[in-house]
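*Asks:* Mind looking over this structure? Questions follow.
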Amino acid sequence: MVLVSAVRDYVYRMLQDISGMKVLILDSQTVSIVSVVYSQSELLQKEVFLVELIDSISKSKESMSHLKAVYFLRPTSENIQYMRRQLSNPRFGEYHLFFSNMLKDTQIHLLADSDEQEVVQQVQEFYADFISVDPYHFTLNMPSNHYYILPAVVDPSNLQHFCDRAVDGIGAVFLALKRRPIIRYSRASDIAKRIAHETAKLMYQQESGLFDFRRMEMSPLLLIVDRRDDPVTPLLNQWTYQAMVHELIGIQDNKVDLRSIGKFPKDQQEVVLSSEQDAFFKANMYENFGDIGMNIKRMVDDFQQVAKSNQNIQTIEDMAKFVDNYPEYRKMHGNVSKHVTLVTEMSKIVEERKLMLVSETEQDLACNGGQVAALEAVTNLLNNESVSDIDRLRLVMLYALRYEKESPVQLMQLFNKLASRSAKYKPGLVQFLLKQAGADKRTGDLYGNRDFLNIARNMARGLKGVENVYTQHQPLLFQTMESIIKGRLRDVDYPYVENHFQQGRPQEVVIFIIGGTTYEESRSVAQLNASNSGIRFILGGTAVLNSKRFLKDLEEAQGIARSNANVV
């Protein structure tokens, strides 16, 4: 429960000691940080009667001196300006200011100068500057996620903002965990190297006093890698519950917006999918689609039993019992209908887009050799009228990543076919992907065909057979974590920052993926954490990807690269 409980603890401490009626004021990022760990009913129990965004509260002039204002904000210059304006003309009785990361001295002076009426009771730093979507998975929700794909010369100032936000988020995670790590990074990636060095500078030089926690026998490891080392995982269709919901419908801050796929009753238009708040989801989030259907049927049967017993109300006692149990009954009813709706809608999408057919070929492209058969399968799917444009594009990308060196002529044929079949096809996007994330740019052995040990392991997997053809793929991250467990992560591929080299196995590892994580990877992390390897892994990244977001980032980077064609 590491990250979720760390952030919950910060929110608890903010609200617990301030008695009376409160208003909680957040910014566009801290609203996500709080909403994934605290429900509205929990906030109400802490006497929070109003939750507002700082920019909307700035527009209002109405005095609310009976309320105490609790601010939880990122320490950005924009937020400091908002605070200065609000303190110069205070609307609330008291102001309690909490910032999600380190404040500069100049910012503290600016706030002090603005507080002429002395309404500020406290200013504190609570290091919850990341969104903990699951106990071992966090994201920074960076809107400008595509910057990781671009060379540094294209847009240096925006790239610096991108790096600063990543360093802030990583720093906050380690402050929340009360650890200072040894840092390694992916050798082939300039941006991983840059963020690794800037993080080391923050932890060992600029703020070394803040990060000076009690020494452990083995320091934790922070490994910074680049999404381009494994561009395959975010391109694949998913068949386990959480990953599949994100791929087919979309999850944002543990909420699923169903309005994009159809008309639903008001209370079902946006549903929460949180392993902390939903026992069924916690038990089934990593199960495959076939098993989910069976488990939901069981849940519906249990609910019908409860509903039947509720219909049998004959005495006053029965009625009192029903009223006592009614909130639980309502909650159960809401949960059943939520999961039934999600699985029904996903089944429709799978059928419409012929995803079982598409996915079988995707998995073959990701996991097995055999270029002739692969070319034939992809060509057939490109000709299939039922296959959607985005699925055609993904298939050609997966083929291109796998066989870029082996079959340039066939690759050109596929590019032409894709362009003629799919009007929406963005010219050059597959070539741009190869230029940015092709074999020459990657660290690690993505297809398990460079290193003798990996070739042997893949053959062994092939001989054992796969229990489910749709979930046979394992992300590169899984191999990386296995290498860490066995003490085999090569220094040449993942160098140490400065001379902080250490022998032996770390007991805690945070892997940060620049460019974003996937729910398939967070499932791998959860499985390894459950396997008692003696190492606890935490996964983080700049965003949580599905194929749509990955392709959108690629398109945006390509657009910027084209307009700067002379430097790229």
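The values are calculated or read from the model by the stated rules, or taken from the named source; none is laboratory data. Since this is a predicted model, take the numbers as computed values, not measurements. Quick reminder, even Gly has a Cβ in these numbers, built from the backbone with ideal geometry, and neighbours come from all protein chains shown. Surface areas here come from the heavy atoms of the whole protein model, side chains and all, with no ligands, DNA or RNA. Shrake-Rupley method; radii C 1.70, N 1.55, O 1.52, S 1.80 Å.
*Asks:* Restricting to region 1-18, name every residue that is in contact with a His (Cβ under 8 Å, 6 or more places away or on another chain) and either open to solvent by 20 Å² or more (accessible area, probe 1.4 Å) or in a loop (DSSP other than H, G, I, E, B) (or both).
*Replies:* Matches in region 1-18: ILE18 only.
*Asks:* Turning to a different aspect of this structure: Taking region 138-173 as the region of interest, how many residues are open to solvent by 50 Å² or more (accessible area, probe 1.4 Å) and of a type in the set (A, V, I, L, M, F, W, C)?
*Replies:* So the count comes out to 2.
*Asks:* Cβ contacts < 7 Å: first residue assigned by the TED database to the domain that holds ILE513, restricted to region 149-164; second residue of a type in the set (Asp, Glu) and open to solvent by 10 Å² or more (accessible area, probe 1.4 Å), any location; separation 6+ or different chain. Result?
*Replies:* Every condition considered, the pairs that remain are ALA152/ASP190; CYS163/GLU198.
*Asks:* Right, here's the next one. Looking for something more than 30 Å from the chain's Cα centre (by Cα), among the charged types (D, E, K, R) and within 25 Å of HIS161 (Cβ to Cβ) - is there at least one such residue anywhere in region 69-77?
*Replies:* no
*Asks:* Follow-up question, since we're still on this one. Residues VAL492, VAL497: which one is in contact with a His (Cβ under 8 Å, 6 or more places away or on another chain) and over 23 Å from MET142 (Cα atoms)?
*Replies:* From the options VAL492, VAL497, the qualifying one is VAL497.
*Asks:* Just checking, how many residues over region 65-93 are among the β-branched types (Val, Ile, Thr) and closer than 15 Å to ALA112 by Cβ?
*Replies:* The total comes to 1.
*Asks:* Please verify whether LYS193 is open to solvent by 30 Å² or more (accessible area, probe 1.4 Å), over 23 Å from MET102 (Cβ atoms) and part of a helix (DSSP H, G or I), treating the condition exactly as stated.
*Replies:* So LYS193 passes the test.
*Asks:* Residue by residue through region 19-33, note down the ones that are at negative phi, open to solvent by 10 Å² or more (accessible area, probe 1.4 Å) and either at pLDDT below 90 or of a type in the set (A, V, I, L, M, F, W, C) (or both).
*Replies:* Passing the criteria: SER19, MET21, VAL31.
*Asks:* Sticking with this structure for a sec: State all residues of region 83-122 that are aromatic (Phe, Trp, Tyr), under 30 Å from PHE211 (Cα atoms) and touching a residue at least 40 places away in the same chain (Cβ under 8 Å); if no residue qualifies, say none.
*Replies:* PHE98, the sole residue that qualifies.
*Asks:* Within region 308-324, take every residue that is touching a helix residue (DSSP H, G or I) at 6+ places or on another chain (Cβ under 8 Å) and surrounded by 12 or more Cβ atoms within 10 Å (Cβ to Cβ) and give me the one that is modelled with the lowest pLDDT.
*Replies:* Filtering first and then ranking leaves PHE322.
*Asks:* Assuming ALA176 fulfils every condition listed in (1) open to solvent by 10 Å² or more (accessible area, probe 1.4 Å); (2) of a type in the set (Gly, Ala, Ser); (3) farther than 26 Å from SER32 by Cα apart from one, which condition is it?
*Replies:* The number of the failed condition is (3).
*Asks:* Given the conditions (1) aliphatic (A, V, I, L, M); (2) surrounded by fewer than 19 Cβ atoms within 10 Å (Cβ to Cβ); (3) part of a loop (DSSP other than H, G, I, E, B), and given that VAL37 satisfies all but one, which numbered condition is not satisfied?
*Replies:* (2)
*Asks:* Answer yes or no: is there a residue in region 216-226 that is in the same structural domain as ALA543 (by the TED database), surrounded by fewer than 18 Cβ atoms within 10 Å (Cβ to Cβ) and free of Cβ contacts under 8 Å to residues at least 12 places away in the same chain.
*Replies:* There is at least one residue in region 216-226 that is in the same structural domain as ALA543 (by the TED database), surrounded by fewer than 18 Cβ atoms within 10 Å (Cβ to Cβ) and free of Cβ contacts under 8 Å to residues at least 12 places away in the same chain.
*Asks:* Separate question: Name the single residue, out of those in region 87-105 being open to solvent by 20 Å² or more (accessible area, probe 1.4 Å) and more than 33 Å from the chain's Cα centre (by Cα), that is nearest to ARG13 (Cα to Cα).
*Replies:* GLU94
*Asks:* A further question follows. Being within 16 Å of ILE18 (Cα to Cα) and hydroxyl-bearing (Ser, Thr, Tyr) is the filter here, so list the residues in region 49-91 that pass it.
*Replies:* The answer is SER65, TYR71.
*Asks:* Looking at (1) open to solvent by 10 Å² or more (accessible area, probe 1.4 Å); (2) at pLDDT 90 or above, find the lone condition where LEU73 falls short.
*Replies:* (1)
*Asks:* Of everything in region 513-568, what is in contact (Cβ under 8 Å) with a residue 12 or more places away in the chain, small (Gly, Ala, Ser) and either under 22 Å from ILE485 (Cα atoms) or in a strand (DSSP E or B) (or both)? Give them in sequence order.
*Replies:* Of everything in region 513-568, those that are in contact (Cβ under 8 Å) with a residue 12 or more places away in the chain, small (Gly, Ala, Ser) and either under 22 Å from ILE485 (Cα atoms) or in a strand (DSSP E or B) (or both) turn out to be SER522, SER524, ALA526, SER533, GLY534, GLY540, GLY541.
*Asks:* Name the pairs whose Cβ atoms lie under 7 Å apart, with the first residue in region 270-282 and closer than 17 Å to SER5 by Cβ, the second acidic (Asp, Glu), and 6 or more positions between them or separate chains?
*Replies:* Final answer for the pair search is SER275/ASP134.
*Asks:* Would you call ASP257 outside the structural domain of GLN40 (by the TED database), among the charged types (D, E, K, R), surrounded by fewer than 18 Cβ atoms within 10 Å (Cβ to Cβ) and in contact (Cβ under 8 Å) with a residue 12 or more places away in the chain?
*Replies:* yes
*Asks:* Taking the stated definitions as given, is LEU43 within 21 Å of VAL7 (Cα to Cα), part of a helix (DSSP H, G or I) and open to solvent by 10 Å² or more (accessible area, probe 1.4 Å)?
*Replies:* yes
*Asks:* For ARG505, state whether it is part of a loop (DSSP other than H, G, I, E, B) and open to solvent by 10 Å² or more (accessible area, probe 1.4 Å).
*Replies:* yes
*Asks:* Restricting region 260-280 to residues that are assigned to a loop (DSSP other than H, G, I, E, B) and either in contact with a Phe, Trp or Tyr (Cβ under 9 Å, 6 or more places away or on another chain) or open to solvent by less than 20 Å² (accessible area, probe 1.4 Å) (or both), which is farthest from ILE390 (Cα to Cα)?
*Replies:* ASP278
*Asks:* Could I ask something else about it? It is to be established whether one or more residues within region 235-252 are acidic (Asp, Glu) and touching a strand residue (DSSP E or B) at 6+ places or on another chain (Cβ under 7 Å).
*Replies:* Looking for residues that are acidic (Asp, Glu) and touching a strand residue (DSSP E or B) at 6+ places or on another chain (Cβ under 7 Å), one finds none in region 235-252, hence no.
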